[in-house]
Structures are given as structure tokens and as C-alpha cells.
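The values are calculated or read from the model by the stated rules, or taken from the named source; none is laboratory data. Keep in mind the model is a prediction, meaning the values are calculated, not measured. Ideal geometry is used to build each Cβ from the backbone, glycine not excepted, and the neighbour counts take in all protein chains shown.
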Amino acid sequence: MEKSRWDQATDPHTSKEVLNELSNDQDWVIRAAAASNSHTSAETLRKLAKDPVWSVRNNVGSNPHTPADALLELSRDPDWLVRSNTARNPSLKMETLEMLAGDERFTVRKSAVETGRI
């Protein structure tokens, strides 16, 4: 029996190739699930960091496997919730975390400080 797209997108054993295919899905929920998957490739996460749906970008920002350059991009996202959740990412470079600690939104600043890293 074939797995559903949701099951594939959320399964940490799904191949990077299949997750890349799912990152192009018309349904943003599937793209968001792929963005959260620990097995999604760095290149796919970089692509998803530019997704038009904030929930997808938010999940990329929360994924500890997201590369530093994509996290830097997300730290400048127009959506404060994306910036706030990116600030909590344990893989965030210190310079990016310090930048978020000076964000205009209190919630983003709070998320950066609550990491205990600054």
C-alpha cells in the first residue's frame, strides 16, 4: 500500500528526493510538513525558505537542519512569527541570534533571549 503524501512528508525515513518532490506540492500543508522533516536536504530547505506561505517558512525556521544562510534569510522575514521561531532554532549562528535579539518586535526579542545563548 502506497503512503499518503502527508505520511511521506512527515516520515523521517522518506528519501531526500521524495521530500524535494513534496516541497513542490500544491498543498501548503504538505510543503510545511516537508519543511519540518529532519531528513529534508539543505537545498530543499533553502527553496522552502522562500515559500509564499508563512507557515512553510516558519517550519523551515524551526528545523534544526536548516542551513545558516537560510536561517539568516528567515531572520529578516516580514512575518514576526517566522522571525520569532527562527530565533529559537538551536543551529542559529550567534550573529544572527544577536540580530534577532534587537528585533523591533518584543516577541522576537524575547524568543532570542529565552534561548539562554545570549
Residue pairs qualifying under the 7 Å Cβ cut-off, at least six apart or on distinct chains, with the first in region 90-113 being within 17 Å of Asn59 (Cα to Cα) and the second being modelled with pLDDT of 95 or more and exposed (fewer than 14 other Cβ atoms within 10 Å of the Cβ), are Pro90/Pro64; Ser91/Pro64
Of the residues in region 1-16 that are surrounded by 12 or more Cβ atoms within 10 Å (Cβ to Cβ) and of a type outside the set (A, V, I, L, M, F, W, C), the one that is modelled with the lowest pLDDT is Lys3
Going through region 37-78 in order, the residues found to be of a type in the set (D, E, K, R) and either crowded, with 17+ Cβ neighbours inside 10 Å or under 11 Å from the mean Cα position of the chain (by Cα) (or both) are Arg46, Lys47, Lys50, Asp51, Arg57, Glu73, Asp77
Residue check: is Val18 in contact (Cβ under 8 Å) with a residue 12 or more places away in the chain and either in contact with a His (Cβ under 8 Å, 6 or more places away or on another chain) or on the phi < 0 side of the Ramachandran plot (or both)?
-> no
For Arg31, the lone unmet condition from (1) among the charged types (D, E, K, R); (2) buried (at least 19 other Cβ atoms within 10 Å of the Cβ); (3) more than 27 Å from Pro78 (Cα to Cα) is (3)
Residues of region 89-103 being outside any helix (DSSP H, G or I) and surrounded by fewer than 17 Cβ atoms within 10 Å (Cβ to Cβ), in sequence order, are Pro90, Ser91, Lys93, Gly102
Restricting attention to region 1-57, the residues that are touching a Leu at 6+ places or on another chain (Cβ under 8 Å) and either hydrophobic (A, V, I, L, M, F, W, C) or in a helix (DSSP H, G or I) (or both) number exactly 13
